[in-house]
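Here is the structure we will look at.
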Amino acid sequence: MSLIVQKYGGSSVATPELIRQVARRALDAKNQGHQIVVVLSAMKGETDRLLALASRMHPQPSPREVDQLLATGELTTASLFALACQTYGERAKSFSGLQAGIQTDNRHQRARIVNIDAARLRSELAKGRLVAVAGFQGATAGGDVTTLGRGGSDTTAVALAVALKADACEIYTDVEGIYTTDPGVCDRARKMDRISFEEMMELASLGAKVMEIRSVEFAMNYNMPIHVRHAHLPGAGTLICEEDTDMEKKPVVGVAYSKNEARITLLKVSDQPGTAAKILGIISASGIVVDMIIQNQSANIDPNSGEPHTDFSFTVPLSDYPKALELMRDTAAEIGAERIVGTDNIAKISLVGVGMRNHAGVAAQMFQALAREGINISLISTSEIKISCIIEKKYTELAVRALHDAFELHQA
Ligand code: ADP
Ligand code: ASP
Ligand code: MG
């Protein structure tokens, strides 16, 4: 008998009828002789609705109360799912994150799982029950409810699969697997049969929201393969697993994009040792994570002071942009910057592939493809298995398609 953890995402459980359908699917798997744990997301739009309600009640709702509120979204689906199973005669039971033994740290709204005591779930499974767990949530050692960050039900599923030593972890969603790029943006996107943990982690961190990044990190650390499939269609889906020799040999396997960043530029900062450290020190002291950084080569001498100066740009998450801009404006004099400018009219577009390690020229080909469309690049960053460019937001979809074509990703 195998133990399978299945997770159903928000759009897959958007209506009572869809919840009934996924309950049927989970029961079919159980009837094939498996033990089944099902992790449920909130119904599509519910988390956003709850967040909006909290904001209407208080301009800056406290993170503890937000978590208390958001957790109800997943609780609702888990109970409805258990009820749907019961209409089919199955003695299913639903559990909150706390009841499922998921302990987290106390960073509300972005908590990390620190321990799972799966004894309760194990004993319910041993009684032959189908177990439904509310995703996206846990509780601190003191019993306060926490949530794991947007998309966090994926993490619940993988963490439970690891804790229960499951034989399979299946993520059911509204697309048929992992594609070469977002199929909602590029109709030539191709579903892959397999992708490595490493590549999936890059794609997720660069904006492909199909898998939440921490869930992939967890799966990679514990070598738990993830099977991504469509919730309401048959089909083999995509296996996210360790890199092997059968995997795609192309230098690039996927294109990701993100509209969730903003750029801040400090004009005419004094070009002296310690300037970058000072700027980034101020930003990181307030808990903001800087992504891309660029400093122009210093060529200019300030006519007044006779000192060399340069321009310094960096990107931050969109949600931290107002705070980061304010911090820079407040400390412009201290940093020695003449002017601070910022924009959120940017997008980050990235190519990912472990094959890049052994291929030269991927960056040049990327820049040429963007140039052919008249798309200007304002920042570039590279690592061993990815290249990212910042471009103007309005060109995002055009850039995705142009790069997908340039690297012939529609062909296996
Ligand atoms: P769920 O509600 O099931 O968690 P999400 O909305 O979080 O689903 O993720 C699924 C969506 O991710 C898809 O509808 C698709 O638009 C988007 N997506 C972005 N990049 C990719 C990709 N490379 N492959 C598949 N889907 C992708
Ligand atoms: N409901 C949460 C969200 O919308 C978690 C999830 O769906 O995974 O982000
Ligand atoms: Mg998701």
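Put a dot 7 Å past the Cα of residue 57, heading toward its Cβ, do the same for residue 107, and the two dots end up 2.5 nm apart. In degrees, nearest 10, range 0 to 90: what is the angle between the Cα axis of helix 16-31 and the longest Cα principal axis of the chain? The helix 16-31 is inclined about 70 degrees to the chain. Computed across segment 206-349, the Kirkwood hydrodynamic radius from all distinct Cα-Cα pairs reaches 18.4 Å. The calculated 222 nm mean residue ellipticity attributable to helices in the chain amounts to -10000 deg cm²/dmol, summing -39500 (n - 2.57) over DSSP H runs of n ≥ 4 and dividing by all residues. Each label point was placed 7 Å from the Cα along the Cα-to-Cβ direction; for residue 280 and residue 15 their separation is 5.1 nm.
Treat the chain as a sphere of radius equal to its Kirkwood radius over Cα pairs and apply Stokes-Einstein at 10 °C in a medium of 1.306 mPa s; give the translational diffusion coefficient in µm²/s, rounded to a whole number. D, rounded to a whole number, is 69 µm²/s.
Computed over the alpha carbons of segment 127-269, Rg followed by Dmax gives 17.2, 69 Å.
In which sequence would 160, 318 go, from the one with the fewest C-beta neighbours within 10 Å to the one with the most?
318, 160
3J(HN,Hα) along segment 387-398: 10, 10, 10, 8, 10, 6, 3, 5, 8, 3, 5, 4 Hz, from the Karplus curve 6.51 cos²θ - 1.76 cosθ + 1.60 with θ = phi - 60°, whole Hz, x for Gly and Pro. Within straight-line reach of residue 259, meaning a Cα separation under 12 Å, sit the following aspartates and glutamates at least 8 residues removed in sequence or on another chain: 344, 392, 397.
Put the Cα centre of segment 353-412 next to the Cα centre of segment 114-170 and the gap is 38 Å.
Put in line by how crowded their Cβ is, counting other Cβ atoms within 10 Å and starting with the fewest, 41, 286 read 286, 41.
Kirkwood hydrodynamic radius of segment 170-216, from the reciprocal of the average inverse Cα-Cα distance over all distinct pairs: 11.0 Å.
Based on alpha carbons, the Rg and Dmax found for segment 60-205 are 16.9, 50 Å. With a cut-off of 18 Å on the backbone N, the residues of segment 331-345 near the modelled label site 7 Å out from residue 268 along Cα-Cβ are 331-342. The relative contact order of the chain, computed from alpha carbon pairs under 8 Å that lie at least 6 residues apart in sequence, is 14 percent.
Can you quote the Å³ per residue value for the convex hull of the Cα atoms in segment 33-107, rounded to an integer?
Convex hull volume per residue, Cα atoms: 107 Å³.
Counting only residues at least eight positions apart within a chain, or on another chain, the aspartates and glutamates with an alpha carbon under 17 Å from that of residue 278 are 291, 311, 326, 330, 334, 338. Taking other Cβ atoms within 10 Å as a rough exposure proxy, 136, 218 sort from fewest to most as 218, 136. Only lysines eight or more places from residue 7 in sequence, or on another chain, were considered; those with a Cα closer than 26 Å are 30, 44, 93, 127, 165, 191, 209. Projecting label points 7 angstrom from Cα along Cα→Cβ for residue 329 and residue 48 puts them 2.9 nm apart.
FYI, it's all coordinate maths here, none of it is from the lab. Small disclaimer: the values here were computed from a predicted structure and weren't measured. Positions of Cβ are backbone-derived with ideal geometry, glycine not excepted, and every protein chain shown enters the neighbour counts.
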